[in-house]
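First the structure, in the form of structure tokens, and then the observations on it.
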Amino acid sequence: EQEDWIELYNTGSTPTDIAGLFITDDVLNKTKYQIPTGVGNETVMAPKTYKILWADNDLDQGALHVGFKLSNSGESVGLYQMIGGNAVTLNELTFPQQPDNTSFARIPNVTGPFKTTGILTPGSENMFEVVTANEEDAVSQISVFPNPTTSNVTVQSTVPIQTISIYNVLGKELQKVSVNGLNGSLDLSSFPPGLYFIRLSVGGNSKTVKVIKK
């Protein structure tokens, strides 16, 4: 079904049961979905092994199917444990826009930084393959998140961004930053709630994204 997945890895030396942990695609809602107890050892991870959680919202397919889907335009994923009434962060990740048939994986496997790779290896060692795109295609592979936002927005791209500008609905430029890299950010905390437009410059191309400030 070409469904999205989230891959976990047990780096420890003892088994761990992920049942009861909370997982979300909205880090402002850490308890969005709680992983239920599986059949047999379905939710138990042996040491140095992988476990795949399917982000397909098909809860009737078993304990390893979670109650949300992922956006290929980029968003955040978080894993939490409830301790003493507080959601303690086990891991959080923000991923950029994902081209079709790619994976955002730790390269080198388990220990390295996250990179977009053209090789899909669910449940096994991550491997790297360059995802090729010309500059025009790359404009469509730019992501801006979180959206809506209450303060900062992050911009990620597969090719270097020259500048990031933000405009109000009247077309007035409110802020402009030079980036010359793959990542940038804007601080909207002082802006009143409403609709804004972020314009990204990539070489001779550009992309405009609507952003809602809460």
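The values are calculated or read from the model by the stated rules, or taken from the named source; none is laboratory data. Fair warning: this is a prediction, and the values are worked out from it, not measured in the lab. Cβ coordinates were reconstructed from backbone atoms using ideal geometry, including for glycine residues, and neighbour counts include every protein chain displayed. With ligands, DNA and RNA removed, areas are computed over all heavy atoms of the protein, side chains included. Shrake-Rupley method; radii C 1.70, N 1.55, O 1.52, S 1.80 Å.
Here are a few things to note about the model shown:
- Under-5 Å amide H pairs with residue 26, H placed in peptide plane, nonlocal only: 78
- Accessible area per residue (1.4 Å probe, heavy atoms of protein chains only) ranks 172, 30, 51 as 172, 30, 51, with the largest value leading.
- Gyration tensor over the Cα atoms of the chain: the corresponding equivalent ellipsoid has semi-axes (square roots of 5 times the eigenvalues, largest first) of 34, 21, 14 Å.
- At the residue level, residue 14 shows approximately 90 square angstrom of accessible surface with a 1.4 angstrom probe and all protein chains present.
- Point-to-point label distance, residue 39-residue 199, nm (Cα→Cβ direction, 7 Å offset): 5.7
- Spin-label model, residue 190 to residue 128: label points 7 Å out along the Cα-to-beta-carbon direction sit 3.9 nm apart.
- Carbon and sulfur %, accessible surface of the range 1-107 computed with the full protein complex present, 1.4 Å: 46
- Difference of contour (0.36 nm per residue) and Cα-Cα distance, residue 3 to residue 163: 54.2 nm
- Here the contact order of the chain, divided by its residue count and restricted to Cα pairs under 8 Å and six or more residues apart, works out to 13 percent.
- Percent RCO, i.e. relative contact order, over the range 22-142, from Cα pairs under 8 Å lying at least 6 residues apart: 19
- Take every pair of alpha-carbon atoms less than 8 Å apart whose residues are at least six positions apart; their mean separation over the length of the range 1-43 yields a relative contact order of 30 percent.
- Simple rule: put +1 on each Lys or Arg Cβ and -1 on each Asp or Glu Cβ in the range 1-129, find the dipole, and look at 9, 63, 121; the Cα lying farthest toward the positive end is 9.
- Pairwise label distance in nanometres, residue 48 with residue 110, each label 7 Å out on the Cα-Cβ vector: 0.7
- Sorted largest first, the spans of the alpha carbon positions of the range 1-99 along the three principal axes are 36, 33, 25 Å.
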